[in-house]
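Undergrad: Handing you a structure now.
The values are calculated or read from the model by the stated rules, or taken from the named source; none is laboratory data. In this text the structure is predicted, and so the values were computed from the model without any measurement. FYI the Cβ positions are ideal-geometry reconstructions off the backbone, even for glycines, and counts take in every protein chain you see.
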């Protein structure tokens with residue numbers, strides 16, 4: 001019981017009012033039972049009404065104050081969780097959160113993508129590290145635009161990202177990866193008024209149900225390495241590349 005109370009959370013003004021009214025009504029019921037026990041029957045009606053009024057007047061503001069404090073603590077707790085689980089620069093998931101979430105869903109299946117910004121050191125050397133940060137944030141935003149709510153995108157390290165596309169097939173994953181690559185290529189980052197154009201290389205791998213996410217990421221990383229060896233700014237997947245007609249069909253399924 002104490003554990004449940006310790007994790008009790010309120011996030012809205014409606015929740016504060018609901019908490020205050022619920023507790024106030026509960027205390028009124030308790031006071032009513034005490035009046036029934038402690039006072040003679042002929043005095044019950046008057047005493048019960050007076051006790052209920054006094055109890056409500058005292059309890060409601062106290063419970064409102066407590067509810068507001070619980071809401072404030074909930075907000076602080078949510079912010080702490082966000083800081084722990086989200087990368088501070090890009091606001092995408094952290095590496096630890098990514099693996100924690102994937103471990104909680106071993107039956108998840110789909111496509112793992114390893115995304116790396118091409119020649120990122122050159123960006124830092126040419127424009128400075130602040131511009132490099134702007135590029136990383138910009139790329140993360142473009143990647144997020146191509147993902148859905150149940151997909152997971154995390155900053156894997158430096159200028160690398162991992163994206164897990166839930167319950168998509170290989171051809172659909174290939175379409176999404178290409179959309180990511182093209183969106184980065186065609187939309188330069190803006191840093192201190194200067195446009196900084198970059199490209200990304202992407203490696204993709206399938207993850208089956210109950211398979212280890214680490215293996216899928218390693219395979220995606222190997223595909224990424226091949227993309228870099230082949231000249232960068234391209235998508236390489238470790239499954240059989242589908243014909244153009246199948247890709248167009250997959251695009252139609254994603255749009256619908």
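Undergrad: Please work out which one of (1) touching a residue at least 24 places away in the same chain (Cβ under 8 Å); (2) surrounded by fewer than 16 Cβ atoms within 10 Å (Cβ to Cβ); (3) in a loop (DSSP other than H, G, I, E, B) is the condition residue 130 fails and give its number.
TA: Just one mismatch for residue 130, condition (3).
Undergrad: Let me ask something else. From the residues in the range 100-127 that are in a helix (DSSP H, G or I) and surrounded by 19 or more Cβ atoms within 10 Å (Cβ to Cβ), which one is modelled with the lowest pLDDT? Please lay out each step first, then the result.
TA: To start, the set of residues in the range 100-127 that are in a helix (DSSP H, G or I) comprises 100-104, 120-127.
Next, only the ones that are surrounded by 19 or more Cβ atoms within 10 Å (Cβ to Cβ) stay: 102, 123.
Numbers: 102: 91, 123: 95.
Per the criteria, the residue is 102.
Undergrad: Continuing with the same structure: Suppose we filter the range 146-183 for residues that are out of contact with any strand residue (DSSP E or B) (no Cβ under 7 Å at 6 or more places or on another chain) and on the phi > 0 side of the Ramachandran plot; how many remain? Talk me through it step by step, then tell me what you get.
TA: Filtering the range 146-183 down to residues out of contact with any strand residue (DSSP E or B) (no Cβ under 7 Å at 6 or more places or on another chain) leaves 146, 148-149, 157-158, 169, 171-172, 175, 179, 182-183.
Then keep just the ones that are on the phi > 0 side of the Ramachandran plot; that gives 157-158.
Total satisfying the criteria: 2.
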